[in-house]
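Remarks on the structure that follows.
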Amino acid sequence: MEPIILASASPRRQEILTKLQIPFKVMISDFDETKPDGIELEKIPEYFASKKVESIVKKIPSNQAIPWVFGADTMVVKGKKAYGKPQDIDEAKKMLKDFSGVTHSVITSIALFNGKNNYLSTRTCVSKVTFPELSE
C-alpha cells in the first residue's frame, strides 16, 4: 500500500495511523489557521481540515501523481467560545475551571483527498463532554 500523506505534525494523529497500520508520510501544512469572517464556529474544523489538505495538494508538482492526502482539525466549544490548545499550565487550569460542571462540545473534522479521482471528502463528529464539578 502506498503511504498516504498526513497534512499534520500531530503526534496523536501519527499514533492513530500507526495503530491502524496505515502507512503514511508527514507533510506539514502551511495553511494559516485564522478564522474567516462569516463562518459558523462549528464549521471551522471542517474548513481548517480541508484547507490543510488543499495546501499540501498545491505543494505537489503538477507532473507528480497525487496520492491520498489526509487532514484533520479538532476544536473545543463551550457556548459561543472556541478553545485552542493551552499555551501553559495556567491556561490549562483556567480551561479546566471553565469546563467544571458543564457540557462542552469537542468537534473533530477530517478531510481526505483522493488524488486519482481529484475528489475531497469531509466528515465531522461532534462529541458532547460533561465534566463533573472540579475542585481547585
### Task
Would you mind listing how long region 1-75 runs along its three principal axes, going by Cα atoms, in whole Å with the largest first?
40, 32, 15
### Query
Which lysines have a Cα less than 28 Å from the Cα of Lys52, not counting those fewer than 8 places away in the same chain?
Lys19, Lys25, Lys35, Lys43, Lys78, Lys80, Lys81, Lys85, Lys116, Lys128
### Task
Can you list which of the GluC sites (Glu not before Pro) found in region 30-64 are DSSP loop residues with at most 16 other C-beta atoms within 10 Å?
Glu33, Glu40
### Query
Which helices count as membrane-span-like in the chain under these terms: full DSSP H, at least 24 Å along the axis by C-alpha, Kyte-Doolittle mean of -0.5 or more?
none
### Message
For Cα pairs less than 8 Å apart in space and 6+ apart in sequence, what is the mean separation divided by the residue count of the chain, i.e. the relative contact order in percent?
### Response
24
### Task
Quick one, can you get me the convex hull of the C-alpha atoms of region 85-128 expressed as volume per residue in Å³?
71
### Taking N as its residue count, the alpha carbon Rg of the chain over 2.2 N^0.38 Å
1.19
#### Entry: Computed FRET value (nearest 0.05) for Leu20 with Asp88, which takes r as the C-beta separation and R₀ as 41 Å
0.80
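Readers should treat all values here as calculations from the given coordinates under stated rules, not as data from a laboratory. Everything numeric in this text was worked out from a predicted model, so none of it was measured. Virtual Cβ from ideal backbone geometry, glycine too; neighbours counted across all protein chains shown.
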